[in-house]
1. In segment 128-176, what count of residues is obtained for those that are more than 11 Å from the chain's Cα centre (by Cα) and either in a loop (DSSP other than H, G, I, E, B) or not assigned by TED's automatic domain parsing to the domain that holds residue 243 (or both)?
2. Right, residue 230: at pLDDT 95 or above, in the same structural domain as residue 57 (by TED's automatic domain parsing), assigned to a strand (DSSP E or B) and buried (at least 19 other Cβ atoms within 10 Å of the Cβ) or not?
3. Among the residues of segment 160-173, which ones are more than 14 Å from residue 231 (Cβ to Cβ) and in contact (Cβ under 8 Å) with a residue 60 or more places away in the chain?
4. Across segment 194-206, what is the number of residues that are touching a helix residue (DSSP H, G or I) at 6+ places or on another chain (Cβ under 7 Å) and either outside any helix (DSSP H, G or I) or buried (at least 16 other Cβ atoms within 10 Å of the Cβ) (or both)?
5. What is the residue count in segment 54-64 for residues that are crowded, with 19+ Cβ neighbours inside 10 Å, in a strand (DSSP E or B) and in contact (Cβ under 8 Å) with a residue 60 or more places away in the chain?
6. Out of the residues in segment 208-227 that are within 15 Å of the chain's Cα centre (by Cα) and part of a helix (DSSP H, G or I), state the one that is surrounded by the fewest Cβ atoms within 10 Å (Cβ to Cβ).
7. Residues 7, 50, 43: which one is more than 21 Å from residue 284 (Cα to Cα), surrounded by fewer than 20 Cβ atoms within 10 Å (Cβ to Cβ), at pLDDT below 95 and more than 18 Å from the chain's Cα centre (by Cα)?
8. How many of the residues in segment 65-120 are part of a helix (DSSP H, G or I) and farther than 17 Å from residue 130 by Cα?
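The values are calculated or read from the model by the stated rules, or taken from the named source; none is laboratory data. Here the structure is a predicted model, which means the values were calculated and not measured. Counting neighbours? That spans all protein chains shown, and the Cβs are built from the backbone with ideal geometry, glycine included.
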C-alpha cells in the first residue's frame with residue numbers, strides 16, 4: 001500500500017504545481033495586457049489641443065498640450081499603471097491655473113496609445129524620454145518638470161540616459177519589480193501568495209523580453225541629479241513607506257520627502273488636495289522659475 005501511495009502523492013503534487021503554474025501564467029497575462037480606453041475631448045475649461053508624437057517604444061503617443069505663460073515653466077504629467085491621462089486632469093488644472101505649460105499623455109499600451117504589453121516602466125521610459133523632447137520643442141526656453149505617479153514615476157527614473165528634466169516629483173514609486181509584485185499579490189490574496197512572486201517575475205523575459213534587473217528604479221535613481229520631491233502614502237500597501245524611504249535614501253541630492261498621512265496607494269492629490277497643491281507649486285516655483 002505504501003508503494004501505491006507514494007506515486008499517487010507524487011501525481012497530486014505534480015498536478016498542483018502544474019495548476020498553480022497555469023494560474024500564475026494567466027494572472028501575469030492579465031497584468032501585462034494593454035489597458036486601452038477612448039479618452040474623448042479635452043475639457044473646455046482647459047485651453048489646449050490634442051497632440052501626437054512617435055516613441056521608440058514602437059507606438060504613437062497620444063496626449064494633450066495646454067500652453068502656459070511664457071517663462072513660467074512646463075510640466076509633463078505621467079500616469080500610473082492601467083490608467084491614462086484622464087487621471088492627471090486635476091493636476092493639470094491647478095498647474096495650468098498657475099501658468100505652467102502642461103503635457104498629459106497616455107503611455108504605450110494605455111488609453112489611446114497602442115502597445116502589445118504593459119511593461120511597468122521599461123518601454124514606458126522611452127515614452128517619457130520623447131515626452132520631454134516634445135516639451136523642449138514646443139515650449140522652447142522653458143525649464144521642465146515631471147510629475148510621475150507610480151509606474152509613471154518608475155518610467156521617469158528608468159529612462160536611460162536620465163531624462164532631460166529640471167525637476168521631478170515622484171509619487172509611490174516601487175524600488176524593485178520583485179517587491180512591487182510581492183506586495184500586490186499579498187495585498188490581494190494574503191501573505192501566503194508571496195511564494196508566487198518568483199513565478200510571476202520569471203515570466204518577464206518570455207512574455208516581455210525584459211530581465212527583472214531592468215525594472216529596478218532603486219539602481220537608477222542615484223544617477224538623477226535634478227531636484228526631486230518624493231511623495232509617499234503612509235498606509236500604502238503596494239509600495240510600503242519603508243520602500244519609498246529606501247528609494248529616497250538612495251537618491252542623489254537635492255531631494256525632499258513628503259509622507260501623506262492616512263493615504264494608501266491612491267491619487268495623492270485627491271487624498272490631500274490643498275497641501276498637495278501648495279507643496280507641488282512651491283517645489284516647482286523654486287526649481288522652474
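1. 15
2. Yes; evaluated as a whole, the condition is true for this residue.
3. 160, 162, 163, 165, 166, listed by residue number.
4. 7
5. Number of matching residues: 2.
6. 218
7. It is 7.
8. Residues in segment 65-120 being part of a helix (DSSP H, G or I) and farther than 17 Å from residue 130 by Cα: 12 in total.
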